[in-house]
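These notes are about the structure you will find just below.
FYI, it's all coordinate maths here, none of it is from the lab. None of these values were measured; they are calculated from a predicted model. Cβ sites come from the backbone with ideal geometry, for glycine too, and all protein chains shown count toward neighbours.
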Amino acid sequence: MTKQQSILLDILLIDFTKPEYRGNGGLVNIEKVVKGNEKLKNISEIELNKLLYIIRKEQLKIGIQLLSGTSIFIVFDSHIKDFLNIGGFKKLRIKKRNENYFKWSGFIITTLTFIILIYSTFIQGNTQQIETKKNEQDIRKREFQTKISKDSLKIDYNKMNEVNIKTDSIKK
């Protein structure tokens, strides 16, 4: 149901309750209602049938009988007035729209959560493995550099001993 349809439905229900459109036995002729209202005059018969279909469908969903019949209607005034007092089709449309937004918001949040979960599981896991490999390589390089430093220190120490031995032998 569109916004325009909800407005026309509320107008139609209000006109159904007007005494000037009532015939024998309180029955209401749809042609009199449509011809008596400027906003309803311009709608086609197909659009009018859509509006009546929406009324029939929605009255089953909400559990309130608003009217009964095809071209001549039995109108339940108190039900229609109560329905219009709680907001009518305009409020019903807004309620459905909000429910739809809520469903879509839930779907979007669920989808984004799933994507973040997948990202954190697989992408970050690979990143951590790469960082671990880099850290292992850094440790190996440091160990190698440390080993080279120790070897060079041994060599230097040996050279120093040779130098000391030579200087000692020269001094003697």
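Numbers at a glance
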read-out	value
Net length gained if the chain between SER71 and GLU136 were fully extended (0.36 nm per residue, minus Cα distance)	14.9 nm
Filter on LYS18/LYS61; LYS41/LYS103; LYS57/LYS90; LYS32/LYS96; LYS18/LYS50; LYS18/LYS91 - keep pairs with C-alpha separation over 27 Å	LYS41/LYS103; LYS32/LYS96
Cβ-defined net charge surrounding LYS90, 13 Å radius [Lys, Arg +1; Asp, Glu -1]	+4
Estimated dipole of the stretch 8-128 in Debye, rounded to 20 [Cβ of Lys and Arg +1, of Asp and Glu -1, Cα centre]	120 debye
Distance between modelled label sites at LYS57 and GLU99, nm, 7 Å Cα→Cβ extension	1.3 nm
Potential lengthening between LYS32 and LEU112 on full extension [0.36 nm per residue; Cα-Cα distance subtracted]	23.4 nm
Segment GLU143-ASN42, extension gain: residue separation times 0.36 nm, minus the distance between their alpha carbons	27.3 nm
Label point distance in nm, ASP82-LYS3, each placed 7 Å from Cα along Cα→Cβ	3.1 nm
